[in-house]
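Each remark here refers to the structure printed beneath this line.
Read-outs throughout are calculated quantities, based only on the coordinates presented, and are distinct from any laboratory measurement. Just so we're clear, the structure is a prediction, and the values are computed from it rather than from any experiment. Counting neighbours? That spans all protein chains shown, and the Cβs are built from the backbone with ideal geometry, glycine included.
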Amino acid sequence: MKHLVIDISAHGFGHVAQTSAVLNALDCAAIRLTIRSAAQEQVLRQRIRHPFTLIAYQQDAGMLMHDALRVDVAASMRWYADFHADYARRKAQAARELEQLQPDLLFANVPYLSLAAAGETGVPAVALCSLNWADVFHAYCGDLPGAGRIREEILDAYAQAAVFLQPAPSMDMHPALRVRPLAPIAALGRRNPALLRKRARQPGHTRFVLMALGGLGMDYPLASWPHLPGVCWIFPDEALTRQRPDFLPTSLFGLDYVDLLASCDAIMTKTGYGAQTEAVANQVPALCIGRPGWPEEPNLPRWHQQHGEVVFTHWAEVTAGAFGDKIMALLETSWRKPAVTPNGAAEAAAVLQRCLQAA
């Protein structure tokens, strides 16, 4: 059997969403999967349909965050400065750890240390992501002392990948990366709004809005949250610090995330690949909180406007509870855009299959 090692960044759910869709499209009858990530095991096993061995392993921090919306620039720079202070040692250690696994191919989304290790050991490597940490780091920390050298080391690591698969819509990337565009990557869910109403014990006219600001902690301003007639809000369980009849926990429904999303009438999210592409693919209208300065803007919001039904807001409007009219307008919106077929996962899986056959 061929051995595929998959490294997944734990910075938000988008990396897991992209990677799991690709792995699910892969014919794994003769492939052994080893996943290395600091992402939650429950999330990985819920998303990935094939058996795999999991190694808890953190190779990157992405950007350190104040919350799901705000980058902590100072803390991020400290982390990168410390990480790269003895980068040669870290790279050598990562090379030894990768060599011990004896992979035929490394697939990274999108930690760079293991790609550097692959270059050291001669292991073929493929990267995939809608962003890369070299350009994200540069966007926030590029003017700080020492940032230039750090970015060059990250870019050199990414350059070890034979190809950097870039699913639409992606951020603009440095020309040193060997990018290959793909169609969008998004999971398709099974729509069952009647099941939501049944499990929530709500009448037939009830509409559901899914809150999806990502895997990083967010202090929702529940005290000022709008009351909307016939609308229930579905929050992550840990976010419900205040009880209200129209506040419902995700666990109430017992559904896979993408099935829950597809069954909702709208989603409230932020600029981020996973939720936005899945909202479009499943034809769920979205209220999207902008992230000024995040490098996926403006590409991702522009793509969302072209292919989906979306209205934009900002966090100050959310904290003031002044977004109810936008949600009500979305709930009355008819989907007018042509369906988007998320073929990117199948395209990426075909690349992996060819690389494994050649290994």
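Give, rounded to the nearest 20 debye, the magnitude of the charge dipole that the range 193-331 has about its Cα centre when Lys and Arg contribute +1 at Cβ and Asp and Glu contribute -1 at Cβ. Display every interim value, and only then the final one.
Details: 11 positive and 13 negative charges, 77 e Å.
The calculated dipole for the range 193-331 is roughly 360 debye.
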* Determine the shape class of the chain: with a ≥ b ≥ c the square roots of the Cα gyration tensor eigenvalues, call it rounded for a/c under 1.5, and otherwise prolate if a/b is greater than b/c, oblate otherwise. => prolate
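Quick check on the chain: helices-only [θ] at 222 nm, where DSSP H runs of length 4 and up contribute -39,500 (n - 2.57) each and the sum goes over total residues. Nearest 500, please. Before the final figure, lay out the partial values.
On the way: 14 runs with 137 residues, N = 359.
Value at 222 nm, helices only: -11000 deg cm²/dmol.
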* About the Cα centre, charge dipole magnitude for the chain (Lys/Arg +1, Asp/Glu -1 at Cβ), debye -> 880 debye
* Asked: What nm distance separates the two modelled labels at Ala183 and Ala223, each placed 7 Å from Cα along Cα→Cβ?
  -> 4.9 nm
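Provide Ser170, Ser334 in ascending order of the number of other Cβ atoms located within 10 Å of each residue's Cβ, fewest first. Before the final figure, lay out the partial values.
Details: Ser170 23, Ser334 6.
Ascending Cβ contact count within 10 Å gives the list Ser334, Ser170.
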* Give the long-range amide H neighbours of Val110: residues separated by 5 or more places, or on another chain, with amide H under 5 Å away, using H modelled in the peptide plane at 1.01 Å from N. => Ser9
* Structure fact -> For Tyr57, the residues 5 or more places away or on another chain with a placed amide H closer than 5 Å to its own amide H are Ser37, Ala38
* Straight-line reach from Lys326: which aspartates and glutamates have a Cα under 14 Å away, not including same-chain ones fewer than 8 places off? -> Asp265, Glu309, Glu317
* Amide H to amide H under 5 Å from Phe312: which residues, 5+ apart in sequence or cross-chain, H placed 1.01 Å off N in plane? -> Cys288
* Asked: Based on the Cβ-Cβ distance of Ala56 and Arg32, what FRET efficiency does E = 1/(1 + (r/R0)^6) give at R0 = 25 Å, to the nearest 0.05?
  -> 0.85
